[in-house]
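Engineer: Here you go, one structure.
The values are calculated or read from the model by the stated rules, or taken from the named source; none is laboratory data. As the structure is a prediction and not an experimental result, all values here were calculated from the model. As a convention, Cβ positions derive from the backbone with ideal geometry for all residues, glycine included, and neighbour counts pool all protein chains shown. Heads up: the accessible areas ignore ligands, DNA and RNA and are worked out on the full protein's heavy atoms, side chains in. Shrake-Rupley method; radii C 1.70, N 1.55, O 1.52, S 1.80 Å.
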Amino acid sequence: MNEYKAITTKIRGMHGKLLKKKEYIEISHLDSIRAFVSYLKQKPGYSTILKDVDENHIYRSYLEGLLNSAVYEDFNKLYHFANFRQRNFLKIYGINYEVNVLKKFLRRAFDISEIYEEVSEEYLDYLNRHSNINAKALEEVKTLPEFRESLKGSMYYQPIRQLDSVENPSLFDYETTLDTFAFTTIWREKNKLLEKDEEKIFERIYGTKFDLLNIIFIYRYKRYYNLPPEQINTLLIPVNYRLSDNEISALLSAEDLEAFWRVLRGTKYAKYVNDLDSGLELEKLYEDLLDKIIQSTAKNDPYSIASIYNYLHDKEDEIDLLTTILEAIHYDRGPLEIQKIIGMKE
């Protein structure tokens, strides 16, 4: 507990800078990207990242990239403040961010410029120093071969090279490969870097996350793509927590969606899914249940890795909400519609 007192105090201070409901309501009344930037410049969580931005001349995609960089900036703050053991957890957690950044450069390699976002110099510097990713080489990437070569020396090179055997791999193939490798690595690294008490907290959060994601993946691939079970199985996260191999097989083999729900109601997630009957509700369950587990774990074990996870999760949620509002403002949605979209009313 004592070794977490300092960083927990730091996190409480950072939590205090997160936006409150009142501020989201105020943002919902803004009518332009210029006003959105001007508002956030006054907030301590964004003043540094936006200080040099000219709100009269900024693209939405660039602004979204800067908002994401606010998460990386806070991650960097925690990393510099953390002790050796806490940095071990952050290195595992940071794999998610590394993959998100790789996907941004991957989209540029696919020439999908409309969804390419800028990445802050500060986070690229972190990657250079801590991850064996050659950020300078990534910044020069314009083609898929260049993307692959830029990963030489990093743990991501071999998984991407395996796609050489696939005929005309798509962006989906590349992103799925990166995601699957990241999830598998995250689960494996916990055994090497975390103490037993930390590993238990880690497994509760990540295990639930991976189980729920696999449930959602199976549902989507069955309903929208009608993929055969053996193909779906290759796309799943190869981690089991509260779902057994037999239950995964039964979900994969379900002859229709009715059978899928019947199998799911026989698992340890039954009490959460009894009233569900659609993929949208599954995704809401994923968000709500994960939020509940993260928050309750941080409350029960405040002086642990749970407090770090809880803060970063809350910051990521904040960025998601701001990005959603920014898009709504771009499409001239009114305050009431925006408040409905983000689930907050005056």
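Engineer: Using helices alone, what [θ] at 222 nm do you get for the chain, with -39,500 (n - 2.57) per DSSP H run of 4 or more residues, divided over all residues and rounded to the nearest 500? Working shown, then result.
Structural biologist: Details: 19 runs with 245 residues, N = 346.
So the calculated ellipticity at 222 nm is -22500 deg cm²/dmol.
Engineer: Let me ask something else. DSSP loop (so not H, G, I, E, B), at most 11 other Cβ within 10 Å: list which trypsin sites (Lys or Arg not before Pro) in region 250-346 pass both filters. Before the final figure, lay out each step's value.
Structural biologist: Details: sites: Arg262, Arg265, Lys268, Lys271, Lys284, Lys292, Lys299, Lys315, Arg333, Lys340, Lys345; in loops: Arg265, Lys268, Arg333, Lys345.
Within region 250-346, the qualifying trypsin sites (Lys or Arg not before Pro) (loop, at most 11 other Cβ atoms within 10 Å) are Lys345.
Engineer: So, one more: Assuming 1.002 mPa s and 20 °C, estimate D for region 209-346 with Stokes-Einstein, Rh taken as the Kirkwood radius over Cα pairs, in µm²/s. Write down the numbers at each step before the final one.
Structural biologist: Values: Rh = 17.1 Å.
Taking Rh from Cα pairs, D becomes 125 µm²/s.
Engineer: Roughly how many nanometres apart are two label points built 7 Å out from the Cα toward the Cβ at Arg129 and Tyr59?
Structural biologist: The two pseudo-label positions are separated by 2.9 nm.
Engineer: Mind checking which of Glu26, Glu73, Glu327 has the largest fluctuation in a GNM of the chain, springs on alpha carbons under 10 Å?
Structural biologist: Answer for the Gaussian network model of the chain: Glu26.
Engineer: Between Arg220 and Lys41, what's the calculated FRET efficiency when r is the beta-carbon distance and R0 is 41 Å? Round to 0.05. Don't skip to the answer; put the middle values down first.
Structural biologist: Values: r = 39 Å, r/R0 = 0.95.
Calculated value: 0.60.
Engineer: For Asp52 and Lys284, what is the calculated FRET efficiency with R₀ set at 25 Å and r taken between the beta-carbons, to the nearest 0.05?
Structural biologist: On the way: r = 38 Å, r/R0 = 1.52.
The formula returns an efficiency of 0.05 here.
Engineer: Report relative contact order for region 198-324 in percent, whole number only (criteria: Cα-Cα under 8 Å, sequence separation at least 6). Walk me through the intermediate numbers first.
Structural biologist: Numbers: 88 pairs, mean separation 35.3, N = 127.
Relative contact order for region 198-324 comes out at 28 percent.
Engineer: Skip the ligands, DNA and RNA, and give the accessible area per residue of the chain with a 1.4 Å probe, whole Å².
Structural biologist: Working: 17470 Å² over 346 residues.
Accessible area per residue, the chain: 50 Å².
Engineer: What percent do you get for the relative contact order of the chain when only Cα pairs under 8 Å and 6+ apart count?
Structural biologist: Working: 314 pairs, mean separation 81.1, N = 346.
Normalised by residue count, the contact order of the chain is 23 percent.
Engineer: Have a look at Tyr39, Tyr224, Tyr72 and tell me which one the Gaussian network model of the chain (Cα, springs below 10 Å) gives the largest fluctuation.
Structural biologist: Tyr224
Engineer: Connecting C-alpha atoms closer than 10 Å in a GNM of the chain, tell me which of Tyr46, Tyr79, Tyr174 has the biggest fluctuation.
Structural biologist: Tyr174
Engineer: Apply the a/c threshold of 1.5 to the C-alpha gyration tensor of region 1-138 and tell me whether it is rounded, prolate or oblate.
Structural biologist: Details: a/c = 2.43, a/b = 1.13, b/c = 2.16.
Oblate, because a/c is 1.5 or more while a/b does not exceed b/c.
Engineer: Shifting gears a bit: Give the residue list of GluC sites (Glu not before Pro) in region 229-307 that are DSSP loop and have at most 16 other beta-carbon atoms within 10 angstrom.
Structural biologist: Glu255
Engineer: Cα-Cα over 22 Å: which of Lys103/Lys292; Lys104/Lys340; Lys200/Lys292; Lys91/Lys196; Lys17/Lys340?
Structural biologist: Numbers: Lys103/Lys292 28 Å; Lys104/Lys340 29 Å; Lys200/Lys292 17 Å; Lys91/Lys196 17 Å; Lys17/Lys340 24 Å.
Long pairs (Cα-Cα over 22 Å): Lys103/Lys292; Lys104/Lys340; Lys17/Lys340.
Engineer: Give me the one-decimal nm value for the distance between modelled label points at Arg34 and Glu149, 7 Å along each residue's Cα-to-Cβ direction.
Structural biologist: The modelled label-to-label distance comes out at 4.5 nm.
Engineer: Also, quick follow-up: So, with a 1.4 angstrom probe, what is the percent of accessible area on region 86-223 that is carbon and sulfur? Spell out each step's value before the answer.
Structural biologist: Working: 2830 of 6280 Å².
Exposed carbon and sulfur together represent 45 percent of the surface.
Engineer: Starting from the Cα-Cα distance between Arg188 and Val166, subtract it from 0.36 nm times their residue separation and give me the gain in nm to one decimal.
Structural biologist: Numbers: separation 22, 0.36 × 22 = 7.92 nm, distance 2.62 nm.
Taking Arg188 through Val166 to full extension adds about 5.3 nm, to one decimal.
Engineer: Something else: From the Cα gyration tensor of the chain, with a ≥ b ≥ c the square roots of its eigenvalues, which class applies: rounded if a/c is under 1.5, or else prolate if a/b is larger than b/c, or else oblate?
Structural biologist: rounded
Engineer: I need the calculated FRET efficiency for the pair Ile25 and Lys77, taking r as the beta carbon distance and R₀ as 30 Å, to the nearest 0.05. Intermediate results must be reported in sequence, preceding the final value.
Structural biologist: Working: r = 28 Å, r/R0 = 0.92.
Efficiency at R0 = 30 Å is approximately 0.60.
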